[in-house]
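Down below is the structure, laid out as structure tokens.
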Amino acid sequence: MEVPEEVLVDPEGLQPTYELDFSYELERWMYGIAFLVGLVAFTFTTYRLIRTSRRDLVLAARLFSYKISLTVADSIVLFIYAPTQFLWITNFWWYGGDIGCRLFKFVATFGFHLTANMQLLVAADRLFITAKMNRMNVNVKKRNYNTRVSLAAAWLMALICALPQIFIFRQGVSEEGYPQCISIWTENRIYYMGKLLEMDHYQVFMSLYKQNSSRLFHPNMTLKVHPPPVPEFNPEELSISKSRWMFLEQMYNVMHLATICVLPYFLELLCYTLILYILKNASRGDFKSLRDVFQDWMCFCLRSSNSSNCDSANTQETQSLVTIAMRSRTQTENESRSYESNRRRATSLGEPMAISSVQTDDTVNYHQAVRRKSELANGAQPSLWANTVEAARRKARWKAFVMLSMNLLFWAPYCVLGVVSAVTVFEGFAAFQFVCALVVFNAISNILL
């Protein structure tokens with residue numbers, strides 16, 4: 001937590017009174033507005049989830065479970081992190097003690113990580129559903145098991161990523177002597193500045209001492225002041241220690257930004273891109289699985305080096321359909337001859353004859369694929385499946401645009417500020433501190449969407 005600059009002391013000396021600059025004032029009101037709007041959004045979403053559950057209309061039970069966990073994560077951000085930040089900026093005083101400081105940082109960071117994990121899980125679930133839109137999974141037990149495993153993995157990853165906060169943050173004392181919840185990096189910077197002041201004070205004292213300055217000695221050559229203590233470290237050792245702490249801080253900041261924002265956003269973007277790609281092919285009658293998408297991607301990457309393999313892979317489906325057609329045709333002829341032979345035999349012997357189907361699953365799949373593509377190629381009126389795919393495609397485009405735009409709008413400024421402050425000494429950091437409050441509004445968008 002950064003400290004506002006203009007801090008004054010009240011007459012009794014109990015608590016600080018200070019005048020907030022524009023950046024901190026804006027940040028405080030952003031937290032307050034986010035808390036109030038989030039309360040309304042949370043109430044509406046909770047009512048909607050309860051109504052859906054009571055009416056037993058949860059067709060996508062897995063997605064419903066994911067949204068419940070996402071709502072829990074967003075509630076942590078809105079109702080724990082936001083009001084605490086609002087109160088801290090208002091009072092500039094930490095009341096929770098050392099345990100409260102560590103626990104608050106752990107819970108708040110856990111909420112942010114869980115939000116990112118659940119957003120990614122929702123996107124991945126939509127991708128798997130889209131890739132299997134023309135296939136039905138009747139194994140309910142396996143589906144429920146996969147849902148529980150995915151949720152457990154998301155919660156466990158959030159706990160692991162938030163666990164370092166317990167050791168990084170602690171209650172400390174600011175330069176003005178007020179209790180604050182600060183990180184070990186901030187504590188080390190305060191310690192470093194204090195040691196530099198001690199060294200400067202000692203060097204000035206020794207310089208005046210060698211000069212027998214009247215500023216230091218009385219006329220009888222007795223000292224006017226007590227000599228300062230000898231510094232524990234020399235400047236080189238102190239500089240090396242500072243460099244090590246800065247390296248650790250930069251490494252932690254990079255890992256923190258990567259796990260809380262950059263990596264989940266990239267994977268979420270990839271999921272929605274694959275969804276749109278699959279739906280685009282499905283609108284032409286070509287339903288692709290994730291395996292087919294991976295093969296297309298491999299062919300695209302290897303096209304310049306080995307185009308023959310890619311051409312072979314691209315025509316694999318056509319060759320497969322032709323093979324199926326030839327095999328089914330031969331099988332149909334054989335079964336027809338067998339049928340005629342059995343009919344004659346049954347007629348001569350007076351036995352009942354069992355009629356067998358002459359169409360196999362491969363034949364049915366082949367004719368369905370050919371019929372879908374021929375409908376679109378001949379310009380016929382779109383059938384029910386084509387209208388359904390087109391509606392799903394429009395909805396997926398809109399959902400991907402809104403989700404990715406909201407994440408980018410609310411998290412990009414935080415990431416940029418974090419990267420700049422991690423790799424350089426950014427003196428104007430306090431002037432842009434308010435962008436950190438934007439991440440709270442992302443929780444509101446998640447609850448409403």
Q: Would you kindly derive the ³J(HN,Hα) couplings of the stretch 440-449 from the backbone phi angles with the Karplus curve 6.51 cos²θ - 1.76 cosθ + 1.60 (θ = phi - 60°), listing them in order in whole Hz, with x for Gly and Pro?
A: 5, 5, 5, 5, 5, 4, 5, 5, 6, 8
**Q.** Length gained when the stretch residue 21-residue 243 is fully extended (0.36 nm per residue, less Cα-Cα span)
**A.** 76.8 nm
Q.
Under the rule a/c < 1.5 gives rounded, and otherwise a/b versus b/c splits prolate from oblate, where does the stretch 187-302 land using the Cα gyration tensor?
A. prolate
Q: Work out, step by step, the length gained on full extension between residue 68 and residue 255: first 0.36 nm times the residue separation, then minus their alpha carbon distance; give nm to one decimal.
A: 64.6 nm
Q) Past the 27 Å Cα-Cα mark, which pairs from 67/142; 142/280; 105/399? A) 142/280; 105/399
Q: Rank the residues 297, 94 as a footprinting-exposure proxy: fewest other Cβ atoms within 10 Å of their Cβ go first.
A: 297, 94
Q.
List the lysines whose Cα sits under 28 Å from the Cα of residue 224, skipping any in the same chain fewer than 8 residues away.
A. 195, 210
Q: Specify the inter-centroid distance of the stretch 256-289 and the stretch 27-48, based on alpha-carbon positions, in whole Å.
A: 30 Å
Q) For residue 424 and residue 206 in one chain, what is 0.36 nm times their gap in residues minus the Cα-Cα distance, to one decimal in nm? A) 75.0 nm
(Q) Which trypsin sites (Lys or Arg not before Pro) in the stretch 172-241 sit in a loop by DSSP (not H, G, I, E or B) and have at most 14 other Cβ atoms within 10 Å of their own Cβ? (A) 215, 224
(Q) Quick check: pseudo-label points 7 Å beyond the Cα along Cα→Cβ at residue 141 and residue 266, how many nm apart are they? (A) 4.0 nm
Q: Sort 440, 254 so the one with the fewest other Cβ atoms within 10 Å of its own Cβ comes first.
A: 254, 440
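None of the figures in this text is laboratory data; all of them are computed from the coordinates on show. Please read these numbers as outputs of a predicted model, since none were measured by experiment. Neighbour counts run over all protein chains shown; Cβ positions are idealised from the backbone, glycine included.
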